[in-house]
Amino acid sequence: MIADEPVSALDVSIQAQILNLMLDLQRDLGLTYLFISHDLSVVRYLSETIGVMYLGKLVEVGPADDVYYRPVHPYTRGLIDTVPVANPAVAQAREDKGVAGELPSAINPPSGCRFRTRCPRAQDICAQQEPPLRPFTAAGHLGACHFPLSEPEAVPAATAAP
């Protein structure tokens, strides 16, 4: 089942009811969802695997907790930083406040890494080469960034992306 932003415009209590219903249906009927959302906290609640796309390119994919708690791509970090936090002191203490800058054209995307025009880590190579999706953990956490937020673990070649 494909669900594109199914709870984005709903009240929080209604969101919770819908998400819990989706989880019940998934368990009872063996459903698989392609759940599309900008709210990674909602995606994490419902998903075992998360894929993050930017301008039509997959920039990170992996087990939900790995992607959410240990992101390797700056765009993923920016999405997570936009998740509301109930504690005002914690919210103000955040170093990052999301993704800065203007969204480039999807029709005429930037050369190399599509995120480079908004990325605080971008360097010359980012304009010249699109970074490959490469393994960061043996558990299947992949990222596409020349200057990731963390270094890859020693991953056996058999788990590398094609």
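Taken together, the values in this text are just the output of simple stated rules run on the coordinates, not laboratory data. Just so it is clear, the model here is predicted, and its values are computed rather than measured. Quick reminder, even Gly has a Cβ in these numbers, built from the backbone with ideal geometry, and neighbours come from all protein chains shown.
In sequence order, segment 47-55 has phi-based couplings of 10, 8, 10, 10, x, 10, 10, 9, 6 Hz under the Karplus curve 6.51 cos²θ - 1.76 cosθ + 1.60, θ = phi - 60°, and Gly or Pro positions carry x. Ranking 16, 119, 80 by Cα position along the charge dipole of the chain, where only Lys, Arg, Asp and Glu carry charges on their C-beta atoms, puts 119 farthest toward the positive end.
Check residue 53: other-chain or 5+ apart residues with amide H under 5 Å from its amide H, H built from backbone geometry? Answer set, sorted by chain and number: 59.
Spread over its residues, the convex hull of the C-alpha atoms of segment 18-77 is 81 Å³ per residue.
Applying 0.36 nm per residue to the separation of residue 18 and residue 139 and subtracting their alpha-carbon distance, the gain on full extension is 40.6 nm. Taking only Cα atoms and a 10 Å spring cutoff, compute GNM fluctuations for the chain and point out the largest among 21, 40, 29. The residue with the greatest mean-square fluctuation here is 29.
With θ taken as phi - 60° and the Karplus curve 6.51 cos²θ - 1.76 cosθ + 1.60 applied, the whole-hertz 3J(HN,Hα) list for segment 68-78 is 6, 9, 9, x, 10, 9, x, 5, 4, 4, x Hz, x standing for glycine and proline.
Please list, ordered by chain and number, the residues whose modelled amide H lies under 5 Å from the amide H of residue 73; skip anything fewer than 5 residues away on the same chain. Amide H to amide H, under 5 Å and 5 or more residues apart or across chains, residue 73 pairs with 149. Along segment 4-10 the Karplus relation, 6.51 cos²θ - 1.76 cosθ + 1.60 evaluated at θ = phi - 60°, assigns HN-Hα couplings of 9, 6, x, 10, 5, 9, 9 Hz to successive residues, with x for each Gly and Pro.
Proximity of backbone amide H atoms, modeled 1.01 Å from N, is registered between residue 112 and 130 at under 5 Å, excluding neighbours fewer than 5 places apart on the same chain.
If one puts a single equal scatterer on every Cα of the chain and applies the Debye formula without solvent, what log₁₀ I(q)/I(0) results at q = 0.09, 0.13 Å⁻¹? So the normalised log intensities work out to -0.34, -0.70.
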